[in-house]
Amino acid sequence: MGLLDGKIALITGVANRWSIATGIARAFHAQGARLCFIYQGERVRDEVEKLAAELGGAHCYPCDVTSDEALAELAAAVRRDYGRLDALVHSIAYTNKEDLKGKVYTTSRDGFALALDISSYSLIALSNAFVDLFDDGASIIALTYLGSTAIVPNYNLAGIAKAALEAIVRYLAYDLGPRGIRVNAISAGPISTASSRQVHGLRYILDVVAAESPLRRNVTPEDVGKTAVYLASDLARAVTAEVHFVDSGFHAMGIMTNGRTPESI
């Protein structure tokens, strides 16, 4: 018997088999959840539909999260095909490449608006679209990163958008709490995905985490998926408004040791 037996979950943000959202979808399926997916554009449609076929023949819906009309159509389709939602996974982010390098003060006004719309406001928009479809006790899970609260060079505007996302998680948790709907974020360690490879110096970041984190390793989409299962399950029924770190403990490091043992520092 799975932890998510009988639960229906909408997964966003699958781009390919290496996506964090893919790891979450596989973990949800293994624990008995029925899944549905959204995608934007024909570029990722084949990958999403291939994954959906592997995981129980889940429905896949096209959706532009910047369009209120598209979100309304999505909600209507999910209501028709599933009747309700028990979990929503928000794994959506976008920043123009030019805003992931250089200086933050050179960020364009249009680039800022676009990044915040897709990476942050979309959580509000999706929650609003599905508010009447969520079962009482449902779980909303957003994906964030350490760059929201600490300086990660070259993460720039993406970090600012993640900071907004984390604030949204807390306020949604308050608004939806009376219905028992829980809203949390997972702050995953760096993982080499199609989106993270847009960040200059990703290889260096991965090396630092592997060398300096308490567990001395990087995390995988499967690691994140297992934590998402917990947050979506009844095991976490009293957990909300939290940012849960899955980063081998790297977020807790106050100083880097450059590989030296504590005794040699």
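Just so it is clear, none of the values below were taken in a lab; they were calculated from the coordinates. Keep in mind that this is a model prediction, so the values were computed, not measured. Here the Cβ is made from the backbone with ideal geometry for all residues, glycine too, and neighbour counts use every protein chain on show.
Just to be sure before I move on: is ARG79 farther than 27 Å from LEU202 by Cβ, among the basic types (Lys, Arg) and either touching a strand residue (DSSP E or B) at 6+ places or on another chain (Cβ under 7 Å) or assigned to a helix (DSSP H, G or I) (or both) in the structure I sent? So ARG79 passes the test. Filtering region 209-225 for residues that are more than 28 Å from THR257 (Cβ to Cβ) and not charged (D, E, K, R) leaves a non-empty set. Of all the listed residues (ALA164, ALA241, ALA228), the sole one being at positive phi and touching a residue at least 24 places away in the same chain (Cβ under 8 Å) is ALA241.
When residues of region 174-199 are filtered for being in a helix (DSSP H, G or I) and closer than 25 Å to VAL14 by Cβ, how many remain? Steps first, please.
Quick first cut of region 174-199, residues in a helix (DSSP H, G or I) only: 174-179, 196-198.
From the residues that got through so far, the ones that are closer than 25 Å to VAL14 by Cβ too are 176, 196-198.
Residues meeting the conditions: 4.
Mind listing whichever residues of region 200-253 are in a helix (DSSP H, G or I), among the polar types (S, T, N, Q) and touching a Gly at 6+ places or on another chain (Cβ under 9 Å)? Even if it seems obvious, please write down each step before you answer.
Here is the first cut: in region 200-253, the residues in a helix (DSSP H, G or I) are 202-212, 221-232, 234-236, 250-252.
So of that shortlist, the ones also among the polar types (S, T, N, Q) come out as 227.
Selection gives nothing.
Applying the selection to region 3-58, what residues are hydroxyl-bearing (Ser, Thr, Tyr), in contact (Cβ under 8 Å) with a residue 40 or more places away in the chain and not in a loop (DSSP other than H, G, I, E, B)?
Initially, region 3-58 is screened for residues hydroxyl-bearing (Ser, Thr, Tyr), giving 12, 19, 22, 39.
So of that shortlist, the ones also in contact (Cβ under 8 Å) with a residue 40 or more places away in the chain come out as 12, 19, 22.
Residue satisfying the conditions is THR22 alone.
I'm told ARG80 meets every condition in (1) buried (at least 20 other Cβ atoms within 10 Å of the Cβ); (2) closer than 21 Å to CYS36 by Cα; (3) over 16 Å from the mean Cα position of the chain (by Cα) except one. Can you identify the failing condition by its number? Unmet condition: (1). When each of LYS101, LYS97, LYS50 is tested for being in contact with a His (Cβ under 9 Å, 6 or more places away or on another chain), charged (D, E, K, R) and more than 30 Å from LEU235 (Cβ to Cβ), the lone residue that passes is LYS101. Going through region 93-105 one residue at a time, which ones are over 13 Å from ASN154 (Cβ atoms) and either exposed (fewer than 12 other Cβ atoms within 10 Å of the Cβ) or among the small types (Gly, Ala, Ser) (or both)? Matches in region 93-105: ALA93, TYR105.
Within region 81-118, the set of residues being of a type in the set (D, E, K, R) and within 27 Å of ILE11 (Cβ to Cβ) comprises ASP81, ARG84, ASP86, LYS97, ASP99, ASP117. Of everything in region 29-50 that is buried (at least 19 other Cβ atoms within 10 Å of the Cβ) and touching a Cys at 6+ places or on another chain (Cβ under 8 Å), the residue that is farthest from ASN16 (Cα to Cα) is CYS36.
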